[in-house]
């Protein structure tokens, strides 16, 4: 059975209470449950992890190699700052979909730059918690076409 990692970065542990006008009222636990259930409908295992620490996220990416077929990554603010996450994805060659709950391109200009996008297979943004399902579907579609 295929396995993927859904990896969440800083402040995503506050989902449901942090700026609900932007991020909604769904908690991280709800998101993780939704991702696992969505994976089951496709016959895949979904493992979820979250950290507010950049190094821990890098470690999760490293440990995904050989264990998971790909990663859905909501790197939060690290999207716009972390060369370390970019290098981890590039170094491990893990197929990764960058995703965001909000449309980062409709927000502050500093959110328009991503260090993840150049090494990701694609980017999903702006569909709220459904962004996770869309990212899982996109990753699975990519994996199905891979030799």
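Laid out as a table, the results:
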{"read-out": "Segment 1-52, subset at pLDDT 95 or above, assigned to a loop (DSSP other than H, G, I, E, B) and within 16 Å of the chain's Cα centre (by Cα), residue nearest to residue 139 (Cα to Cα)", "value": "9"}
{"read-out": "Boolean, residue 58 is buried (at least 18 other Cβ atoms within 10 Å of the Cβ), in contact with a strand residue (DSSP E or B) (Cβ under 8 Å, 6 or more places away or on another chain) and farther than 22 Å from residue 2 by Cβ", "value": "no"}
{"read-out": "Given (1) in a loop (DSSP other than H, G, I, E, B); (2) in contact (Cβ under 8 Å) with a residue 60 or more places away in the chain; (3) crowded, with 18+ Cβ neighbours inside 10 Å, number of the condition residue 114 does not satisfy", "value": "(2)"}
{"read-out": "Positions within segment 118-136 being part of a helix (DSSP H, G or I) and surrounded by 15 or more Cβ atoms within 10 Å (Cβ to Cβ), in sequence order", "value": "119, 131, 132, 133, 134, 135, 136"}
{"read-out": "Selection count, segment 16-38, where residues are free of Cβ contacts under 8 Å to residues at least 40 places away in the same chain, within 24 Å of residue 116 (Cα to Cα) and in contact with a helix residue (DSSP H, G or I) (Cβ under 8 Å, 6 or more places away or on another chain)", "value": "1"}
{"read-out": "Selection from segment 53-71 of residues that are under 19 Å from residue 14 (Cβ atoms) and not in a helix (DSSP H, G or I)", "value": "53"}
{"read-out": "Hey, residue 92 surrounded by 14 or more Cβ atoms within 10 Å (Cβ to Cβ) and more than 12 Å from the chain's Cα centre (by Cα) or not", "value": "yes"}
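The values are calculated or read from the model by the stated rules, or taken from the named source; none is laboratory data. As the structure is a computational prediction, the values presented were derived from the model and not from experiment. Ideal geometry is used to build each Cβ from the backbone, glycine not excepted, and the neighbour counts take in all protein chains shown.
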